[in-house]
Amino acid sequence: MTEPRSAHKNGFAGLPRKWATPVQLVGTFGLAVFLVLYYLLVMEPRQAEAYARLRGSVDGLRSVVEKRQALLSKPQADALDEMVAVAVASQVALEIRKALDHDTTTVTGLEQTIRELLLDRTHWLQGLARDDGSTVSEIAVNRIVESEVARKVADRALAEWRQADLATISAGCQEMIGMTLRRFARAK
């Protein structure tokens, strides 16, 4: 006695085993029933997962649009941090020069002045968000506070820049602020 074709080692007529059930369903119930089952059991779960991912992306984008934010990639946000460091360095240098012209300047007083100036300038970054959802201005505030860049600049100013001209102080501020914030960004 011969084996039924469905029990054959390779499925129907030499088809691989994984095709045996679909071929049997089509042969028994018709193509329409097979397609309905395939959609319900295979395609619909995949579509539901893709729809959930799409919905999450759309919700994130809607949130950004409602907040009137511009999305930046991490490299773009880092480049923007660098531009802010360049832009704020001359203002910090002016404050340092004014403070150093008064012989009563202390590290604490100078540090506080620099920190307040740096934190005040983070408003330039408002309305910008990284593509991971974090806001660029909040990141900048955290970097300024946690890196203690204001104390480092104040220490160097009192140690090295008492007799320096404004250009030297500005270049030193730009280097220190940019380097400290970059290093702190990489550590996070």
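The values are calculated or read from the model by the stated rules, or taken from the named source; none is laboratory data. The model shown is predicted, which means the values in this text are computed figures rather than measured ones. All Cβ positions, glycine included, derive from the backbone under ideal geometry; neighbour counts span all protein chains shown. Heads up: the accessible areas ignore ligands, DNA and RNA and are worked out on the full protein's heavy atoms, side chains in. Shrake-Rupley method; radii C 1.70, N 1.55, O 1.52, S 1.80 Å.
The set of residues in segment 111-147 that are among the aliphatic types (A, V, I, L, M) and out of contact with any Lys or Arg (no Cβ under 9 Å at 6 or more places or on another chain) comprises Leu117, Leu118, Leu119, Leu125, Leu128, Val141. Do you know which residues across segment 122-140 are open to solvent by less than 50 Å² (accessible area, probe 1.4 Å), in contact (Cβ under 8 Å) with a residue 12 or more places away in the chain and over 13 Å from Ile177 (Cα atoms)? Of everything in segment 122-140, those that are open to solvent by less than 50 Å² (accessible area, probe 1.4 Å), in contact (Cβ under 8 Å) with a residue 12 or more places away in the chain and over 13 Å from Ile177 (Cα atoms) turn out to be Thr122, Leu125, Gly127, Leu128, Ala129, Arg130, Thr135, Val136, Ser137, Ile139.
Within the option set Glu95, Glu66, being within 15 Å of Met176 (Cβ to Cβ), open to solvent by 30 Å² or more (accessible area, probe 1.4 Å) and not small (Gly, Ala, Ser) holds for one residue only, Glu95. Selection within segment 44-56: residues that are open to solvent by less than 80 Å² (accessible area, probe 1.4 Å) and of a type outside the set (Asp, Glu). The member of this set that is farthest from Leu128 (Cα to Cα) is Pro45. Before we move on, is Leu100 open to solvent by less than 70 Å² (accessible area, probe 1.4 Å) and of a type in the set (A, V, I, L, M, F, W, C)? In short, yes.
Looking across segment 141-166 at every residue that is open to solvent by less than 70 Å² (accessible area, probe 1.4 Å) and small (Gly, Ala, Ser), the one that is farthest from Leu80 (Cα to Cα) is identified as Ala164. For Thr105, the conditions (1) part of a helix (DSSP H, G or I); (2) open to solvent by less than 60 Å² (accessible area, probe 1.4 Å); (3) under 30 Å from Met176 (Cβ atoms); (4) in contact with a helix residue (DSSP H, G or I) (Cβ under 6 Å, 6 or more places away or on another chain) all hold with the exception of (1). Leu71 passes every criterion in (1) open to solvent by 50 Å² or more (accessible area, probe 1.4 Å); (2) part of a helix (DSSP H, G or I); (3) among the hydrophobic types (A, V, I, L, M, F, W, C); (4) farther than 18 Å from Ile144 by Cβ apart from (2).
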